[in-house]
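Only one structure is covered here, and it is reproduced in the block below.
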Amino acid sequence: MQFDEFINSIKEDIPPQSLSEPLKSMWYSKKGDWETAHNIAQSISSELGSWIHAYLHRVDGDLSNADYWYKRAGKPQFQGSTEAEADEIINSIFK
């Protein structure tokens, strides 16, 4: 699966079975299901999981919590739109 296929899959009711946990979290985020995306992100114990977690708290408007997770991810707070950040996270997974 590539980025475009992933984006097209968001039209479906359920995520593709082949998605990794990080992609599954981002899939639910793109669907507008913050709670499910967040629950999945909490179980990903890596810098990528922390970045996704930071992004989700940024989407939610909880910037102090987002800052905490950006630090755990070793990243500065993203300066673009949340949509641009989502795309950057997803693209980084496919690299």
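For the chain, the longest principal axis of the alpha carbon atoms and the long axis of helix 21-31 meet at an angle near 80°. Helix 82-94 axis versus longest C-alpha principal axis of the chain: approximately 60°, rounded to the nearest ten. Over the chain, accessible surface divided per residue gives 57 Å², non-protein components excluded, 1.4 Å probe.
Counting protein heavy atoms only, the chain has 47 percent of its accessible area on carbon and sulfur, 1.4 angstrom probe. Other residues lying with their Cβ under 13 Å from the Cβ of A86 contribute a combined charge of -1, Lys and Arg counting +1, Asp and Glu -1. If only the Cβ of Lys and Arg carry +1 and only the Cβ of Asp and Glu carry -1, the dipole of the stretch 12-95 around its Cα centre is close to 300 debye. With the cut-off at under 19 Å, measuring from each backbone N in the stretch 42-60 to a point 7 Å along the Cα-to-Cβ line of S81 picks out 55-60.
The values are calculated or read from the model by the stated rules, or taken from the named source; none is laboratory data. What you see is a predicted model; the values in this text were computed from it and never measured. Note that we place each Cβ from the backbone using ideal geometry, even for glycine, and neighbour counts take in every protein chain shown. Protein only, heavy atoms only, side chains kept; ligands, DNA and RNA dropped before computing areas. Shrake-Rupley method; radii C 1.70, N 1.55, O 1.52, S 1.80 Å.
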